[in-house]
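Read-outs: derived from the displayed coordinates by stated rules, not from any lab. Keep in mind that what you see is a predicted model, and the values were worked out from it rather than measured.
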Amino acid sequence: MGLAVWLVAEVTWTYYQLVLEIATPLPSSADAFWLSGYGFFIYFLYKIYKLLSRTSERLVVILVSLATASILGYTINLTFGIADLLSAQEGSLAWLISISYPILDGILLVPAALIIWGLRNKKLSSAHWILLSLSIVLVTIADIGFGYSAVIDKAGKEEWIWDLFHNSSYLIMAAALFLQSRIFAKKDHEKIIV
């Protein structure tokens, strides 16, 4: 469901950019779809982490939480700069939307990093979970990059860089789904970690 909602958001964003040939407004209907997709991804990643982790390594959870808190703190600080600019121009809804992205990315980053860490020494049969988690990490990097570019007024010039991160994350998600479908296609898929 999260992928379907994000696909609608991407199509909406592309419609603004290529058909209407205007900069996508903030807030836009694409933002509504992206933000609603986060709920599905958060639920999914936390459930997958719970399924895959039989025992929780306390030190790893603490380190990942501290790293996420640091990244989130930096991003929120960055976002407040964007939010001040936006609130002066477009109102409090734009501010709320601009601050929602880094917060939701931070929430997604925790289970994604824990899944990558927990499966680092596992067999190839769990590679699809690592790929999916890696794609979420790339989305987070892209969102932070977009926000930073907007603050330093280089959003138009550097947008292609962050688009590469977003597109790479979608390609990695597609590879993860393809790999998972191949694993389930095997007759003895019950023996494989899913």
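Extension gain, ALA4 to LEU96, is 30.8 nm, computed as 0.36 nm per intervening residue step minus the present C-alpha separation. Taking each residue as 0.36 nm, the span from LEU164 to ASN121 lengthens on full extension beyond its C-alpha to C-alpha distance by 12.6 nm. Each residue of the stretch 130-139 was assigned a 3J(HN,Hα) from its phi angle through the Karplus expression (A = 6.51, B = -1.76, C = 1.60, θ = phi - 60°), giving 5, 5, 4, 5, 4, 5, 5, 4, 5, 4 Hz with x at Gly and Pro.
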